[in-house]
Amino acid sequence: MDIKVTGKQLKIGKSLINYAKKQLHIINNKYLLRPTSAYITFTKEHNEFKCEALLHLSSGLTACCTGKGREIYDSYQKSILRLQKILRRHKRKIRKHHHISEKLNMELQ
């Protein structure tokens with residue numbers, strides 16, 4: 001998986017980059033949806049930080065979410081929680097569809 005962590009007019013430290021990559025690998029191991037690339041961008045707007053996360057899956061899904069917070073790590077956590085919610089729902093949808101198609105195949109035979 002290709003992970004890129006950048007900042008718009010903002011310097012990002014190595015600890016934040018490593019933290020973001022570690023969190024994405026944990027999510028990848030949890031949901032096993034074969035992501036191909038991930039882009040995380042941090043910006044500062046007035047008094048708060050904004051984190052935009054974009055994740056491309058091999059199944060064709062592109063999950064995009066944002067998070068805002070007073071601290072840069074808080075904004076990242078909010079966006080990652082939203083990303084986990086999107087991936088959890090996508091995986092549930094795939095399993096449910098697969099389960100229904102198996103029942104239809106059994107009924108046809």
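A few notes on this one:
- Condition broken by Lys50, with the remaining ones in (1) in contact (Cβ under 8 Å) with a residue 40 or more places away in the chain; (2) in a strand (DSSP E or B) satisfied: (1)
- Number of residues in the range 24-47 that are within 17 Å of Arg89 (Cα to Cα) and assigned to a strand (DSSP E or B): the value is 1.
- Condition met for Lys21 (charged (D, E, K, R) and under 25 Å from His90 (Cα atoms)): yes
- If the condition is being within 19 Å of Arg95 (Cα to Cα) and assigned to a helix (DSSP H, G or I), then the range 53-84 contributes Leu83, Gln84.
- Inside the range 5-23, residues that are on the phi > 0 side of the Ramachandran plot and either of a type in the set (Ser, Thr, Tyr) or part of a strand (DSSP E or B) (or both) make up a count of 0.
- Tyr39 vs. criteria within 15 Å of Tyr76 (Cα to Cα) and among the aromatic types (Phe, Trp, Tyr): yes
- The range 45-100, subset surrounded by 11 or more Cβ atoms within 10 Å (Cβ to Cβ) and of a type in the set (Asp, Glu), residue nearest to Thr6 (Cα to Cα): Glu52
- Selection status of Ile12, under 25 Å from Arg89 (Cα atoms) and β-branched (Val, Ile, Thr): no
- Within the range 72-93, residues that are hydroxyl-bearing (Ser, Thr, Tyr) have Cβ atoms under 7 Å from residues that are part of a helix (DSSP H, G or I) in these pairs: Tyr76/Ala20, counting only partners at least 6 apart in sequence or on another chain.
- Subset of the range 29-77 (residues that are within 16 Å of Gln9 (Cβ to Cβ) and over 12 Å from the mean Cα position of the chain (by Cα)): Thr41, Phe42, Thr43, Lys44, Glu45, His46, Asn47, Glu48, Phe49, Lys50, Ile72, Ser75
- Among the residues of the range 20-43, the ones that are farther than 21 Å from Gly67 by Cα, touching a strand residue (DSSP E or B) at 6+ places or on another chain (Cβ under 6 Å) and surrounded by fewer than 17 Cβ atoms within 10 Å (Cβ to Cβ) come to 1 in all.
- Any chance Lys22 is basic (Lys, Arg) and touching a Ser or Thr at 6+ places or on another chain (Cβ under 7 Å): no
We did not get these values from a lab; they are worked out from the coordinates using the rules stated. Just so it is clear, the model here is predicted, and its values are computed rather than measured. Here the Cβ is made from the backbone with ideal geometry for all residues, glycine too, and neighbour counts use every protein chain on show.
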